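The structure appears right after this line, and notes come after that.
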Amino acid sequence: MSSQSYLKARASVMSGQLIDEDEFESLLHAPLPQLEGQFGLEGISDRGLSPAELNRTIERGLINQLMNELSILLRPLNGAARDSLIYWSRKFELYNLKALIRGKLNNLPYDLIRESLHILPSLISLPHEALLRTENVPELLRQLERTPYEAIARQARQVYEEKNESFSLDATIDLRYHAGLLKHAQSCDPEDQVPLLKLIGSLIDRQNLPWLLRYRLNYQLSPTETYYLMIPSGRHIHSELLKQLVNMQGMPQILEALPAPLDSRLADSDTIMAVELAMTEDLNHQARRCLQFSPSAVTRSLAYMMLREMDLRRVFAIIQGRVLTLDERLIRQAADLDREVTGV
């Protein structure tokens, strides 16, 4: 009980770091040195970095800040609740895995692949040096089967050996990651399990719907191929509904078939990007409710981490655009600064 109370209090205090829309407007126009200093990126605009180096440096700095905050929330946790929060953070090491795979597929030099990798806490880090020394993608994935990423690696290797192309491999990694997130939540105590699954279900809805639209409408995948690339345990978009949606022919028909409240929230969306932004805002809304009201301390902690990551993604777009002296209109679009805010 004491650890639950402490963690709820800690998450509540940390929620003061979340950025509201007025603050984002201020960040857009703040002096660049002040903006860099606020997010641990002092002097980045004076280093003469190439655009690629700049992107990596900004992203690394913001991810490191997020990992430092995660470590604070992990301290009072143990057991399945702790494992669930750690597993959520493994998504950042999957960026490294995909970079390693792309490098191997394109025969990039060792040093170039290595330079593209994020340095993450040992708690979630892959054995980068050993993986870099592998000869090809199947060997890389076999090596990965000896790590906590075993389930992801085994399925990815099977898919790669069957199809030998990167699209299915990337989709499988994402699919297995979200399946693992659900599995960890299902192992938690009952008082944590129900609210955690609702929050993760909203995250899965946010992933599934844009994927479904892209796979069916842009990539012209068959209904069967699309369905098997979906995560069948969303909060509003469950497996039976997915079976119906993948057989529909156009976006208006798909959006009209969604249950409340998604149908009304997406009614004015006319592009996949608009759907993605609306689903992100819906996830933001659900996470804010969890952070404020959930009886589960680990759910509040995960909600905070999700919201903080969303904020830092927008900060990344602002700092990147400011350093590269991009047009303000482009920065506003990249940082989603003209969104309509939904109340909690």
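With the simple spin-label model, which puts each label point 7 Å out from Cα in the Cβ direction, the ARG154 to PHE293 separation comes to 4.0 nm. Give me the distance between the Cα centres of the range 1-37 and the range 263-310, rounded to whole Å. Distance between centres, Cα-based: 17 Å. Ellipticity at 222 nm from helices only: DSSP H runs of n ≥ 4 in the chain, each -39500 (n - 2.57), divided by the residue count, give -22000 deg cm²/dmol. Could you sort out which of LYS8/LYS198; LYS163/LYS198; LYS163/LYS243; LYS91/LYS198; LYS98/LYS183 sit more than 27 Å apart by Cα distance in this structure? Beyond 27 Å between Cα atoms: LYS163/LYS198. So the label point goes 7 Å from the Cα of GLU23 along Cα→C-beta, right? Which residues of the range 46-66 then have their backbone N under 15 Å from it? Flagged as within label range: 66.
Give me the net charge for the shell around ALA30: Cβ to Cβ below 11 angstrom, other residues only, Lys and Arg +1, Asp and Glu -1. Spell out each step's value before the answer.
Working: positive: ARG322; negative: GLU23, GLU25, GLU36.
With Lys, Arg at +1 and Asp, Glu at -1, the neighbours total -2.
Ignoring ligands, DNA and RNA, what percent of the accessible area of the range 45-171 is carbon or sulfur (1.4 Å)?
45
Note on THR224: accessible area approximately 90 square angstrom, rounded to 10, probe 1.4 Å, nucleic acids and ligands left out. Residues ILE272, ILE254, ILE72, ordered by accessible area of protein heavy atoms at a 1.4 angstrom probe radius and largest first, appear as ILE72, ILE272, ILE254.
Computed with a 1.4 Å probe over protein heavy atoms only, the accessible surface of the range 1-112 comes to 49 Å² per residue. When TRP88, TRP211 are compared by accessible area of protein heavy atoms, the largest-first order is TRP211, TRP88, using a 1.4 Å probe.
The values are calculated or read from the model by the stated rules, or taken from the named source; none is laboratory data. Just so it is clear, the model here is predicted, and its values are computed rather than measured. Positions of Cβ are generated from backbone atoms using ideal geometry, with glycine treated the same way; all protein chains shown enter the neighbour counts. Each accessible area value is taken on the protein alone, full model and side chains, heavy atoms only, with ligands, DNA and RNA left out. Shrake-Rupley method; radii C 1.70, N 1.55, O 1.52, S 1.80 Å.
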